[in-house]
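Have a look at the structure below, then the notes.
Any read-out appearing in this document is the output of simple, stated calculations on the displayed coordinates, not a laboratory observation. None of these values were measured; they are calculated from a predicted model. Ideal geometry is used to build each Cβ from the backbone, glycine not excepted, and the neighbour counts take in all protein chains shown.
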Amino acid sequence: MALVHTGTAATNSLNAFVWRRGLISPSSVALLKAGILNDLSIGGKVGSIVPGAYDSNGLLTIPNRGTLQLFPGDVIAFDTVSGWPIVVSALAYSIGGSVWSPPA
């Protein structure tokens, strides 16, 4: 396995939520659940919504991959085309020189 570099085509192009216990509105939770899609759905096509992808206790289920525990300040982003989720820790944003720009 070789080290590679990657990134987004544009800065701040991902939809995202900052997780804080109990502070995400029900409408935002609905947007998050609808935005995270299954990359291994029938025929390899993206598009099936994963029920229960997120719960208010900070558990985020990544389709076909497992569950992540979120901590306050963590950012949950997702690609609006593929529906693939990206979680960036609050610490990653605070480190000087980090490539991650805080969500606006």
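Summary table
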| item | result |
| --- | --- |
| Gained length - Val81 relative to Ser41, 0.36 nm times residue gap less alpha-carbon distance | 12.9 nm |
| Burial ordering of Asp74, Asp55, fewest other beta-carbon atoms within 10 Å first | Asp55, Asp74 |
| Amide H within-cut-off set for Tyr54, under 5 Å, with H built and near neighbours excluded | Thr61 |
| Packing-based exposure ordering (other Cβ within 10 Å, fewest first) of Ile62, Ile76 | Ile62, Ile76 |
